[in-house]
Amino acid sequence: MKRFSGAARLLATAFVCVAALAPARVRAQSGPASSTGRHMLWRVTGPRGTVYLLGSVHLLSPDAYPLPAAVDSAFAHADRVVFEANIDSLQMRGAELVARGTLPAGQTLEGALPAATYATLDSLAPAYHLPLAQVQRFKPWVISLMLSQLALASEGFSPQYGVDVQMDNRAKAAGKPVGGLESVDFQIGLFDTLSPSDQLALLHESLISPDSARREMLVLKTDWLTGNDAALAHDTELGFADDSALYHRLLVDRTRSWVPQVEAILAEPQTVLVVVGAGHLVGQQGLVALLRAKGYTVTQL
């Protein structure tokens, strides 16, 4: 049995599109961060420029704040802040994300799923307080993310406390320009362009008890707070051990596509803070390893 749910980890550490579900301009409550020593933050030194890579958890709880002083310093030195995609545009198009996840007329979730899968979902739905009768019009990938978010919400995890939304708010308050590595169209459409089999695989990753999902997220938060990149990478890869193609499409391929953009930043006399899901930074396929392999000096802070 897998220790971690791939869907929950993707929601938390790979896709900033969950920010589309968060209200703008929400500030997290202050609280003691438990990070000690290392952080999910790296400094990359290039020929002329400097990039700070900040690994985000897209859903967090208010007790994870304030962010470490090292993050404050990176933000203060940055000329601009770059996210996976533009947060404001994602929030404005949140309704479109929901529309993309709606089944064609005449189709239902029960009809779209194998009988055994639907039976498992039906047995778990009461624990998630998910009324299946009201979500019959949604595609499997929506249900997958819905289950993950419902489980995490009971522990106070929300997109409004995600690192991306918080840093976007700070950038606007400080008058720093913001940008995105991916287009909003790409982020919104990525889940919906998954094949039916990949959508089913993603849903299968979510079919665990809400208590298990919550425990996993608490472990992920601890890994993030303590900068334990090795543990985060191991558990993320383990969650998709049986779904290599899906893991590569949703995480690895996107990470690789960002390398030329980061290199272009490093070639100019500028300092940029790049905030992306922590899952994109760690492991042998992460941005940190890919940039080191190209000869850049990358230091965890």
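Spin-label point model (7 Å from Cα, Cβ direction): what's the residue 136 to residue 96 distance in nm?
3.0
Taking the inverse of the average 1/r across all pairs of different Cα atoms in the chain, what Kirkwood radius in Å do you get? Don't jump to the answer; show the numbers that get you there.
Details: mean 1/r = 0.0515 Å⁻¹.
Over the chain, the inverse of the mean reciprocal pair distance is 19.4 Å.
Can you list which of the trypsin sites (Lys or Arg not before Pro) found in segment 122-177 are DSSP loop residues with at most 15 other C-beta atoms within 10 Å?
Numbers: sites: 137, 170, 172; in loops: 137.
Qualifying residues, ordered by number: 137.
Determine the dipole magnitude for the chain: charges of +1 sit on the beta-carbon of Lys and Arg, -1 on that of Asp and Glu, nothing else is charged, the reference point is the Cα centre, and the result goes in debye to the nearest 20. All intermediate terms of the calculation are to be shown ahead of the outcome.
Working: 24 positive and 27 negative charges, 118 e Å.
Using Cβ point charges on Lys, Arg, Asp and Glu, the chain gives about 560 debye.
Placing unit charges on C-beta atoms (Lys and Arg positive, Asp and Glu negative, everything else neutral), compute the dipole magnitude of segment 42-199 about its Cα centre in debye, rounded to 20. Let's see the in-between values first.
Numbers: 10 positive and 15 negative charges, 73 e Å.
With only Lys, Arg, Asp and Glu charged at Cβ, the dipole is about 340 debye.
Just tell me which aspartates and glutamates come within less than 14 Å, Cα to Cα, of residue 221; anything on the same chain fewer than 8 places away is out.
Partners found: 63, 155, 229, 235.
Counting DSSP beta bridges in segment 6-300, what percent are antiparallel, to the nearest 5? Write down the numbers at each step before the final one.
On the way: 11 of 25 bridges.
Of all bridge pairs located within segment 6-300, approximately 45 percent are antiparallel.
What is segment 45-178 by shape, rounded, prolate or oblate, if you read a ≥ b ≥ c off the alpha carbon gyration tensor as root eigenvalues and call it rounded for a/c under 1.5, prolate for a/b larger than b/c, and oblate otherwise? Don't skip to the end; give the middle numbers.
Numbers: a/c = 3.00, a/b = 2.19, b/c = 1.37.
Note, shape of segment 45-178 comes out prolate.
Testing the spin-label approximation: label points 7 Å from Cα along Cα→Cβ at residue 231 and residue 261. State their distance in nm.
About 3.0 nm, to one decimal.
Just to check I understand the Karplus step: with θ = phi - 60° and J = 6.51 cos²θ - 1.76 cosθ + 1.60, what whole-Hz values come out for segment 192-197, glycine and proline as x?
6, 8, 5, 5, x, 5
With a 10 Å cut-off between alpha carbons and a GNM built on the chain, which of 183, 195, 209 moves the most?
Sorting by GNM fluctuation, first place goes to 195.
Of the residues 275, 262, 135, which exhibits the maximal mean-square fluctuation in a Gaussian network model of the chain defined by a 10 Å Cα contact cut-off?
In this elastic network of the chain, the residue with the biggest mean-square fluctuation among 275, 262, 135 is 135.
Among 152, 132, 273, which one shows the biggest mean-square fluctuation in a GNM of the chain, springs joining Cα atoms closer than 10 Å?
Among 152, 132, 273, the largest GNM mean-square fluctuation belongs to 132.
For residue 56, enumerate residues with amide H under 5 Å from its amide H, sequence gap 5+ or separate chain, H modeled in the peptide plane.
276, 277, 278
Which residues' amide hydrogens lie under 5 Å from the amide hydrogen of residue 83, considering only partners 5 or more residues apart or on another chain, with H built in the peptide plane?
Under 5 Å from the amide H of residue 83: 179, 180, 181, 275.
Per residue of segment 154-163, what does 6.51 cos²θ - 1.76 cosθ + 1.60 with θ = phi - 60° give for ³J(HN,Hα)? Whole Hz please, x for Gly and Pro, Karplus curve as stated.
5, 9, x, 7, 8, x, 5, 9, x, 4
Choose one of 271, 233, 40: the residue whose Cα lies farthest towards the positive end of the charge dipole of the chain (beta-carbon charges +1 Lys, Arg; -1 Asp, Glu; about the Cα centre).
Result: 271.
Throughout, read-outs are computed from the coordinates displayed, never taken from laboratory work. Since we're looking at a predicted model, the values are computed, not measured. Every residue, glycine among them, receives a Cβ derived from its backbone with ideal geometry; neighbour counts consider all protein chains shown.
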